[in-house]
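Structure first, commentary second.
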Amino acid sequence: GDSHSCAILDNASVMCWGRNNYGQLGDGTNTNSNTPVVVNLPAGRTATALALDGAHSCAILDDASTMCWGYNTYGGLGDGTNTHSNIPVTVSLPAGRTATAIAVGSVHSCAILDDDSTMCWGFNSYGGLGDGTGIDSNTPVAVNLPAGRTSTALALGYYHSCAILDD
């Protein structure tokens, strides 16, 4: 991340360390930590993928749910609010959909879903959500990919997003 780090351990738990002013360590506090702290994932859940940047973090869990935590002024946590969270919150993906890949930019996030669609949420003043608007969204919006194309990989920067397509 910009000023924090996280890791999935060999038991699939997640630990983070570093700056925590917006709760991006996910341990239920806003206290910086120079040693790893356990992320408060739901009971019995483990992580299969992690993405972090700026001041928020996201994970895909072993039950295929997606959660984010930390900075949320522009909706980068994707939970339908603009409230920072120092514990993981569930991303409001469309009903029945799960994420297969996730990427995080400074103030926005994107995911490839199990139906091969791509969705993004958060800051969008410069078009980083790829939905053709400049409107921030605190819930996932569909990326306008070329007709018949799907994403196979994502990379996000400060205000922009990129995808490798299936062709």
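What residue, among those in the range 148-167 that are outside any loop (DSSP other than H, G, I, E, B) and not polar (S, T, N, Q), is surrounded by the most Cβ atoms within 10 Å (Cβ to Cβ)? Outline the logic, then answer.
Just the residues of the range 148-167 that are outside any loop (DSSP other than H, G, I, E, B), to begin with: 151-156, 161-165.
Restricting the remaining residues to those that are not polar (S, T, N, Q) gives 153-156, 162-165.
Numbers: Ala153: 11, Leu154: 22, Ala155: 12, Leu156: 24, Cys162: 14, Ala163: 21, Ile164: 10, Leu165: 13.
Looking at the filtered set, the residue picked out is Leu156.
Which residues, taken from the range 28-64, are of a type in the set (A, V, I, L, M), outside any loop (DSSP other than H, G, I, E, B) and in contact with an Asp or Glu (Cβ under 9 Å, 6 or more places away or on another chain)?
Our first condition is that a residue be of a type in the set (A, V, I, L, M); within the range 28-64, this holds for 37-39, 41, 43, 47, 49-52, 55, 59-61, 64.
Filter once more, so that each one left must be outside any loop (DSSP other than H, G, I, E, B): 37-38, 47, 49-52, 59-61.
Passing the criteria: Val37, Val38, Ala47, Leu52.
Among the residues of the range 99-147, count how many are assigned to a loop (DSSP other than H, G, I, E, B) and crowded, with 16+ Cβ neighbours inside 10 Å. Break it down into steps so the answer makes sense when it comes.
First pass over the range 99-147, keeping only residues assigned to a loop (DSSP other than H, G, I, E, B): 105-107, 114-117, 123-136, 143-147.
Cutting the leftovers down to crowded, with 16+ Cβ neighbours inside 10 Å gives us 105-107, 117, 123-124, 128-131, 136, 143, 145.
The qualifying residues number 13.
Out of Met15, Met67, which single residue is within 25 Å of Ser125 (Cα to Cα), touching a residue at least 12 places away in the same chain (Cβ under 8 Å) and either of a type in the set (Ser, Thr, Tyr) or assigned to a strand (DSSP E or B) (or both)?
Working: Met15 fails: within 25 Å of Ser125 (Cα to Cα).
After ruling out the rest, the residue left standing is Met67.
Collect the residues in the range 18-47 that are open to solvent by 40 Å² or more (accessible area, probe 1.4 Å) and either within 14 Å of Gly70 (Cα to Cα) or in contact (Cβ under 8 Å) with a residue 40 or more places away in the chain (or both), keeping them in residue-number order.
The answer is Arg19, Asn21, Tyr22, Thr29, Asn30, Thr31, Asn32, Asn40, Pro42.
When both residues are 6+ apart or on different chains and their Cβ atoms are under 6 Å apart, which pairs have a first residue that lies in the range 122-136 and is within 14 Å of Gly76 (Cα to Cα) and at pLDDT 95 or above, and a second that is of a type in the set (S, T, N, Q) and open to solvent by less than 50 Å² (accessible area, probe 1.4 Å)?
From residues that are within 14 Å of Gly76 (Cα to Cα) and at pLDDT 95 or above, the pairs are Gly122/Ser109; Gly128/Ser161; Ile135/Asn124; Asp136/Asn124.
So for the range 65-87 (the condition being over 15 Å from the mean Cα position of the chain (by Cα) and aromatic (Phe, Trp, Tyr)), does at least one residue qualify?
The answer is no, given that none of the residues of the range 65-87 is over 15 Å from the mean Cα position of the chain (by Cα) and aromatic (Phe, Trp, Tyr).
Looking only at the range 114-142, which residues are over 22 Å from Val89 (Cβ atoms) and β-branched (Val, Ile, Thr)?
Result: Thr133, single match.
Residues that are in a strand (DSSP E or B) and open to solvent by less than 10 Å² (accessible area, probe 1.4 Å): does the range 81-97 have at least one? Outline the logic, then answer.
So the first thing to find is which residues in the range 81-97 are in a strand (DSSP E or B), and the list is 85-90.
From what's left, open to solvent by less than 10 Å² (accessible area, probe 1.4 Å): none.
No.
The values are calculated or read from the model by the stated rules, or taken from the named source; none is laboratory data. No experiment lies behind these values; they were computed from the predicted model shown. Cβ atoms come from the backbone with ideal geometry, glycine included; neighbour counts cover every protein chain shown. Side chains included, ligands, DNA and RNA excluded: accessible areas come from the protein's heavy atoms. Shrake-Rupley method; radii C 1.70, N 1.55, O 1.52, S 1.80 Å.
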